[in-house]
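The values are calculated or read from the model by the stated rules, or taken from the named source; none is laboratory data. Because the structure is predicted, anything quoted here is derived from the model rather than measured. Neighbour counts are summed over all protein chains in view; Cβ atoms, including those assigned to glycine, are modelled from backbone coordinates with ideal geometry. Remember, those area values only see protein heavy atoms, side chains included, never the ligands or the DNA or RNA. Shrake-Rupley method; radii C 1.70, N 1.55, O 1.52, S 1.80 Å.
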Amino acid sequence: MKTIPKGSLVEIGITVMNAGNRAPQVPADTQKVNMEMLVKGILTADSRQGEEAEISTPTGRLLKGRLIAENPPYTHNYGEPISELGAIGRELRAMLKEKEELR
Amino acid sequence: MKAAGSYSEIMARKAEIMKSSVGIDYSSYACGRLSFDYEKMLDDSGYSLDAIAAIQADTAVGRTPLVELKNITSIAGLCASRKGKPGNGARIFIKDEAANPSGSFKDRRASLSAYEAKQKGYPGIAAASSGNYGAAVASQAAKYGLGAIVVQESFDSRGIEQPEIAEKTRACEAYGAEVLRLSVGPELFYQYLLTLLETGYFNASLYTPYSILGIETLGWEIANEAKVRTGRFPAAVIATHAGGGNVTGTARGLIKAGASDTKMIGASVDLSGLHMASDHDFNRKSFTTGHTGFSIPFTTWPDRSDVPRSAARPLRYLDRFVTVTQGEVFYITQALAEIEGLERGPAGNTSLAAAFALAQDMSRDEVIIVQETEYTGAGKHPMAQLNLAKKMGIEVRRGNPEENKPGSTIVIPERPEQIAVKDIDLGRLKTSYLKNIVSSIDRIEDIEAADWDFLAMETRLSEEEVCSRLTKIIEEQS
C-alpha cells in the first residue's frame, strides 16, 4: 500500500460497533453488520493507506482510524435523465394551452 | 478517538450530557406524574418573536419570497372541473425558503441555536442530521465563527450512499464543518453523545425551544404576507411533517400573527413498510425526511427525541395530517420546475403535492400556502433518487399512484388528477400518544391533577375524552 504524505486531505474509517454487538432495538439485518464511521481531515504524519493513521479534523480534533483514501472525491451526481419524468412538462403545458383556448 | 464509554454507559449519561450541551434543566419544568410546563420552557428561552426576527435578519435568514403558483393553480382548477367540481381550485402559494443562506427553512431553526451558543461561550455547535439541518448548522456556525460537527447516517453496509445525504455531506464540508458519516443504525445517537461529551459543543438539537422558536417567524411572515397579498389570512398552511418541529413552529407563528382560524395541515411521504433502522431498507427509500417513518413515531411520542422534553409537539397544532406517495412528489417536483420555473426539492415538495390535491376541494377564492421549498442539486434531485431506486431494483413507471408500494414500486402519476392525499386519522394517533405516555402508569388514580390539563392540551381533547380513552387503555394494559 502506498504512503500518503503528511498534510494531505484524507478520509479515515473507524468501526464504532461490531456486528452482533449492536443496540438491542436494531433489526436483524442491521445486527449482522458493523457500524462504521468515515471522517475527513488532514493527515498529521506520513502514513500508509490501509493502516492506522491520525487526522486533524476541520474543528481541530485529532482522530485515529484506518487510512482509507487520499483526497476522496464526491461521487454523487444526477445520473441519466429519467424517462418517466420526461413527458410531464409537455403534458402540463398542453393542459394549460387547452385551458387558455377554452377562455 | 479518546477511550470511549460503552453504549450502555454513554446512553445512561444522556440526561447529564444533554443538560450541559443545551444549557436547559429539563427537570425544572416537570409537573404531575407525566407532564411538564411546555409554555414556560419556551418562554424561559427569553427570545421574543421580534428579537428572533432581528437575530435572523442579521445573518440574512428569513424574509423569503412568497410566490403564487399560478400555473399549478390553473392545473388544479382544471382537474377539479374534470372531477365535476367546477369553481374549485384554491390559489396555491409557496414560501421560497430555498432563498435562505444554506438553501432551506432549516436556517431559521439553526440561527437561534448558533446565536445562543455564541452568547453562552460554547466553542462550537453540533447536530445529528443527515439533511438540510446539518448544512444550516454548518452555515450558521461559519457566520458566528463557531466550530461545527455534523453527524450523519450516510451509507449502507455495502457503502452505498443516499445521494441526498452525499450532497449534504458536501454542503456541510463546504461550510467548513467536520462531518462524521455513519452507516445505518440508531446508535448514531451514541456516537453523537460521545462527540458532545468530548468537545463540550452546544447541542443544536432540532427539538430544543431555540429550534422551534426559530420557525415561528416563518408562520408569522406567511400570515402577514398572505393578508397583504390576498386581503386575508390563508385558509390553510401545509408543512412537510417529520419530527414535528416544522408543524409546531409554523402553527405557533400563525397564531402569534392572529391567524388562529388558519388550518395547519401536515403532509408526509408514505413510506409504510420500510424500517428506518434497517440496513436493507436504507437505500430503498427516495426520501430521507418528511416521511411517515419519522412523522408517525414523533407525533405519537414526541419525547423520543434527543432531548428529554421535545419542544416540537405536533398533536397540539395539527388540524389534519395527510400522506402522499413518492411518485406523486416526484411528479409535482417536475411540474414545479417545468410550469413554474422553480427547480426545488424534492423533499420540500411533499406538502406541495398534497396542497395540489387539497386545493381541488377548496373554492377558488381560498388560499392554501405551502410553507417551504428547499434548494436542489446533484444528489438532491428526483433524477438522482430515481436512478438509485432503479439501481436497487425498484420498479419505476408511470401509472396509477394507488399502485405505489414503498420499497418496491414507485409510480409516477399518468395524469395530474390522479394525485390524491390519504388522511391519517388524528384520533387514532391521539390514542397512540396516550398509550405511549401512560405506559408507566398502572392505575388511573396515579394520574395527578396537573396531568389532566396537560394531556388535554397535548391531544386537543376534552379532559373527559382523555379520561375515557385512558381508562380503556389502562384496562387493556392490565
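Taking amide H as placed 1.01 Å from N in the peptide plane, the amide H of residue B:268 sits under 5 Å from that of B:241, B:322, B:323, B:324, each at least 5 places away or on another chain.
Backbone geometry of region B:62-73 corresponds, through the Karplus equation with coefficients 6.51, -1.76 and 1.60 at θ = phi - 60°, to 3J(HN,Hα) couplings of x, 6, 7, x, 9, 10, 7, 8, 5, 6, 5, 4 Hz, x marking Gly and Pro.
Evaluating 6.51 cos²θ - 1.76 cosθ + 1.60 at θ = phi - 60° for every residue in region A:53-67, the Karplus couplings come out as 8, 10, 10, 9, 7, x, 8, x, 6, 9, 10, 10, x, 5, 6 Hz, glycine and proline recorded as x. Ordering B:11, B:377, A:81 by Cα displacement along the dipole of the protein assembly as shown toward the positive end leaves A:81 in first place; charges were set at the Cβ atoms of Lys, Arg (+1) and Asp, Glu (-1).
A quarter of the convex hull surface defined by the alpha-carbon atoms of region B:321-436 gives 9.1 nm² as the mean projection. Neighbours of residue B:296, meaning other residues whose beta-carbon lies under 12 angstrom from its beta-carbon, give a summed charge of 0 when Lys and Arg score +1 and Asp and Glu score -1. Name all residues of region B:81-116 having a backbone nitrogen under 11 Å from the label point set 7 Å from the Cα of residue B:25 along its Cα→Cβ direction, giving them as ranges. Correct set: none at all. In Å, what Kirkwood hydrodynamic radius results for chain B from the alpha-carbon pair distances? After inverting the mean inverse Cα-Cα distance, the result is 22.7 Å.
So which trypsin sites (Lys or Arg not before Pro) in region B:223-258 pass both tests, a DSSP loop state and at most 15 other Cβ atoms within 10 Å of the Cβ?
Details: sites: B:227, B:229, B:232, B:252, B:256; in loops: B:232.
Qualifying residues, ordered by number: B:232.
Coupling constants for region B:281-298 follow from the phi torsions by the Karplus curve (6.51 cos²θ - 1.76 cosθ + 1.60, θ = phi - 60°), and in residue order they are 7, 3, 9, 9, 10, 9, 10, 9, 8, x, 10, 5, x, 9, 5, 5, x, 6 Hz; glycine and proline get x. Note that the protein assembly as shown shows a convex hull volume over its alpha carbon atoms of 152 Å³ per residue.
Which Cα, out of B:459, B:392, A:23, lies furthest along the positive dipole direction of the protein assembly as shown (beta carbon charges, K/R +1, D/E -1)? Checking the options against the dipole of the protein assembly as shown, the answer is B:392.
In region B:435-477, Cα pairs under 8 Å separated by at least six residues give a relative contact order of 51 percent. Among A:93, A:66, A:22, the largest mean-square fluctuation in a Gaussian network model of chain A, built with springs joining Cα atoms closer than 10 Å, belongs to A:93. Straight-distance candidates among the aspartates and glutamates for linking to residue B:422, with alpha-carbon spacing under 14 Å and chain neighbours fewer than 8 residues away dropped: B:270, B:328, B:361, B:402, B:403. In terms of distances greater than 23 angstrom between alpha carbons, the cross-link table entries A:97/B:85; B:40/B:256; A:99/B:70; A:32/B:14; A:99/B:83 yield A:32/B:14. Dividing the mean sequence gap of close Cα pairs (under 8 Å, 6+ apart) by how many residues chain B holds gives a relative contact order of 19 percent. Obtain the radius of gyration and the Kirkwood radius of region A:1-73 from its C-alpha atoms and give Rg over Rh. For region A:1-73, the value is 1.09.
Exposed loop positions in chain B were taken to be GluC sites (Glu not before Pro) whose DSSP state is not H, G, I, E or B and which have at most 16 other beta-carbon atoms within 10 angstrom. Between these positions, the longest stretch is B:1-342.
Just the number, please: percent antiparallel of the DSSP beta bridges in chain B, rounded to the nearest 5. Walk me through the numbers on the way to the answer.
Details: 11 of 47 bridges.
Antiparallel bridges make up about 25 percent of those DSSP assigns within chain B.
Each of residue B:120 and residue A:87 was given a label point 7 Å from its Cα along the Cα-to-Cβ line. The distance between the two points is 5.6 nm. Under a model in which nothing but the beta-carbon of Lys, Arg (+1) and Asp, Glu (-1) is charged, region A:1-73 shows a dipole of about 60 debye around its Cα centre. For region B:341-385, backbone nitrogen atoms closer than 18 Å to the point 7 Å from residue B:68 Cα along Cα-to-C-beta are found at B:341-342, B:356, B:359-360, B:362-371. Annotation: amide H-H contacts under 5 Å for residue B:398 (H modelled 1.01 Å from N, sequence separation of 5 or more, or interchain): B:412.
A full extension of the chain between residue B:390 and residue B:60 corresponds to an added length of 114.9 nm, given 0.36 nm per residue minus the alpha carbon distance.
What accessible area per residue comes out for region A:1-73, rounded to a whole number of Å², with a 1.4 Å probe? Walk me through the intermediate numbers first.
Values: 3630 Å² over 73 residues.
That works out to 50 Å² for each residue.
Buried accessible surface for the A/B chain pair comes to about 4800 Å², total over both chains, computed with a 1.4 Å probe.
Report the antiparallel proportion of the DSSP beta bridges in the protein assembly as shown as a percent, rounded to a multiple of 5. Of all bridge pairs located within the protein assembly as shown, approximately 50 percent are antiparallel.
Per residue and in cubic angstrom, what volume does the convex hull of the Cα atoms of region B:8-112 have? Show your work: numbers first, answer last.
Values: hull volume 24.9 nm³, N = 105.
Spread over its residues, the Cα hull of region B:8-112 gives 238 Å³ apiece.
The three principal axes of the C-alpha atoms in region B:435-477 carry coordinate ranges of 23, 16, 16 Å, sorted with the longest axis first. Within the straight-line cut-off of under 18 Å between alpha carbons, the lysines reachable from residue B:435 are B:472, sequence neighbours fewer than 8 places apart in one chain being disregarded.
Working value for region B:243-367: equivalent-ellipsoid semi-axes of 24, 23, 12 Å, each the square root of 5 times a Cα gyration tensor eigenvalue, largest first. How large, in percent, is the carbon and sulfur part of the accessible surface of the protein assembly as shown at a probe radius of 1.4 Å? Here it works out to 49 percent. Ordering B:36, B:112, B:433 by the projection of their Cα atoms onto the charge dipole of the protein assembly as shown, which places +1 on the Cβ of Lys and Arg and -1 on the Cβ of Asp and Glu, puts B:112 at the extreme positive end.
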